[in-house]
Amino acid sequence: MSVGPIQLRDKVLRNISAQAEAGACWLEALPSLLGRLETEWNIQVGRLFPNATEAFVSEAVTADGQPVALKIPIPGLVKADRERSLLQTASGRGYVRLLRHDANNGAMLLERLGPQLASLGLPIEDQIRIICRTLQRAWRLLPPDVRYPTGAEKALEMSSYISKAWPRLGRPCSERVIEVALRFAEARRDGFNPAESVLAHGDPHAWNTLLEPETNQCKFVDPDGLFIERAHDLSIAMREWSAELLAGDPVALGRKRCALLSHLTGVQESAIWQWGFIERLVNGLRYMEVGSEENAVEFLAVVEAWAEVKTV
C-alpha cells in the first residue's frame, strides 16, 4: 500500500470517536481496506486531502495515469448514502463526478477537481456569485422513488437541537435569539412545499465548492442531500464569513448579503434570512460543543445583532 502511515485530522478523529466501537473498528481496518481498494480498483493511493472532516479522503491515480480522489466515509454517518445517491443522480452536473463505488463500505472513487473556491483569494461577493451560479446548475427535481430529508424535517431537527443545546451549554446567547430562531424554524417547517422544493446540496460553502480546471466552472463536493426550498442552500452564504459582518454593522451587511443572494437567484429574501439565522445559531452552538470557541463567539455575536431585525 502506498499511502503510508495514516494521520487523520483532529475533526475526523473526533467524528470517528463519536461512533464508539464501530468507529474504532473502522479505523483499525482502514489500512487493509485501502490495500484491497488499490488492488480491486487498480489505483495508487496518495496524499490525504487536508480539509476532510467526516471521511478518509485522498488523492489517487488510476493505472492509466488519471488523477482521481478516493473517499471512504466514517461508518454510522447516514448522510454517506445520500451523498452517493445524489452524486449518481447528478452525473457530474454541478457536482463532482462519481466514477465507481463499493456498496459494502461506502468507498467512492471521484473525479479529481482543482482548488477550493475559498482558497482562491477572491472577494466574498465574487465567491457568492460563483456559488449561486453553481447552485443553479446543481439544483434539480427529486427523482422518483428516492427519499431525502425534507425541508420540514430539517427545520424540525434544527429546532429540536436549539431547544436542547441552549440550556445544556449554559445559555450562551440571549433568550431573544432562541425565540427568534424557533419562530423562524416553525415558519420554514410550515412553509415547506414539495412543488417548490429541489434536490439540494445542504451545505454549499466555499470549501465545498471546487474549481474544474477544464471548464473554469465550479462543482460541489460533500453534499448532505436534502429535498428542500432553494433558500436553504442560499442561507449557507449567510452563515459564513462572520469576520466580514463583524467588521462593520452586521445587520446592514447581513441585509446587503441577503439582498444579493435574492437578486442573483430570484429567491425570496425573507426565507433566505430565516434559514440563515437558524444555520448561524446552530453552528454557533455546535462550535460551543466541539470548538473552536473563537468561531462560536463570532457566530453568536452576529446572530445577537440579527435578532433585533424586525423585517427583511
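The values are calculated or read from the model by the stated rules, or taken from the named source; none is laboratory data. This is a predicted model, so every value here is computed, not measured. All Cβ positions, even for glycine, are placed from backbone atoms using ideal geometry, and neighbour counts span all protein chains on display. Side chains are part of the model used for accessible areas, which takes the heavy atoms of the whole protein and leaves out ligands, DNA and RNA. Shrake-Rupley method; radii C 1.70, N 1.55, O 1.52, S 1.80 Å.
Based on this model, can you work out whether PRO73 counts as surrounded by fewer than 19 Cβ atoms within 10 Å (Cβ to Cβ) and within 18 Å of the chain's Cα centre (by Cα)?
No: the conditions fail for PRO73.
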> Within the stretch 270-307, how many residues are in contact with a helix residue (DSSP H, G or I) (Cβ under 7 Å, 6 or more places away or on another chain) and part of a loop (DSSP other than H, G, I, E, B)?
Replying inline: 1
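Mind counting the residues in the stretch 45-70 that are among the polar types (S, T, N, Q), surrounded by fewer than 17 Cβ atoms within 10 Å (Cβ to Cβ) and free of Cβ contacts under 8 Å to residues at least 60 places away in the same chain?
Taking the stretch 45-70 as the starting set, the residues that turn out to be among the polar types (S, T, N, Q) are 51, 53, 58, 62, 66.
Of the ones still in play, those that are also surrounded by fewer than 17 Cβ atoms within 10 Å (Cβ to Cβ) are 51, 53, 62, 66.
Narrowing further to those that are free of Cβ contacts under 8 Å to residues at least 60 places away in the same chain: 53, 62, 66.
So the answer is 3.
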>> Restricting to the stretch 282-291, count the residues that are open to solvent by 50 Å² or more (accessible area, probe 1.4 Å) and either among the charged types (D, E, K, R) or free of Cβ contacts under 8 Å to residues at least 12 places away in the same chain (or both).
In response: 2
> What is the number of the single condition among (1) outside any helix (DSSP H, G or I); (2) of a type in the set (A, V, I, L, M); (3) open to solvent by 50 Å² or more (accessible area, probe 1.4 Å) that VAL267 does not meet?
Replying inline: (3)
> From LEU234, LEU253, which residue is in a helix (DSSP H, G or I), hydrophobic (A, V, I, L, M, F, W, C), surrounded by fewer than 19 Cβ atoms within 10 Å (Cβ to Cβ) and in contact with a Leu (Cβ under 7 Å, 6 or more places away or on another chain)?
Replying inline: LEU253
>> Testing TRP139 on (1) under 30 Å from ALA24 (Cβ atoms); (2) touching a residue at least 60 places away in the same chain (Cβ under 8 Å); (3) not β-branched (Val, Ile, Thr), one condition comes back false. Which one is that?
In response: (1)
> When you look at PRO31, is it more than 29 Å from LEU199 (Cα to Cα), open to solvent by 20 Å² or more (accessible area, probe 1.4 Å) and either modelled with pLDDT of 85 or more or of a type in the set (Phe, Trp, Tyr) (or both), yes or no?
Replying inline: yes
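Check PRO223, PRO204 and return the single one that is touching a Gly at 6+ places or on another chain (Cβ under 9 Å), buried (at least 22 other Cβ atoms within 10 Å of the Cβ) and within 19 Å of LYS71 (Cα to Cα).
PRO223
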> Out of (1) open to solvent by less than 40 Å² (accessible area, probe 1.4 Å); (2) farther than 17 Å from VAL282 by Cα; (3) of a type outside the set (Ser, Thr, Tyr); (4) touching a helix residue (DSSP H, G or I) at 6+ places or on another chain (Cβ under 6 Å), the odd one out for ARG188 is which?
Replying inline: (2)
>> Any residue in the stretch 158-174 that is of a type outside the set (Gly, Ala, Ser) sitting within a Cβ distance under 6 Å of a residue that is open to solvent by 60 Å² or more (accessible area, probe 1.4 Å)? List the pairs, counting only those 6 or more apart or interchain.
In response: LEU169/MET288; PRO172/MET288
> Name the pairs: first residue in the stretch 224-248 and over 17 Å from VAL303 (Cβ atoms), second residue open to solvent by less than 30 Å² (accessible area, probe 1.4 Å) and of a type in the set (Asp, Glu), Cβ to Cβ under 7 Å, at least 6 apart or on different chains?
Replying inline: GLY225/GLU83
>> Criterion first (without any contact (Cβ under 8 Å) to a residue 60 or more places away in the chain, open to solvent by less than 50 Å² (accessible area, probe 1.4 Å) and more than 23 Å from LEU122 (Cβ to Cβ)) does SER262 satisfy it?
In response: no
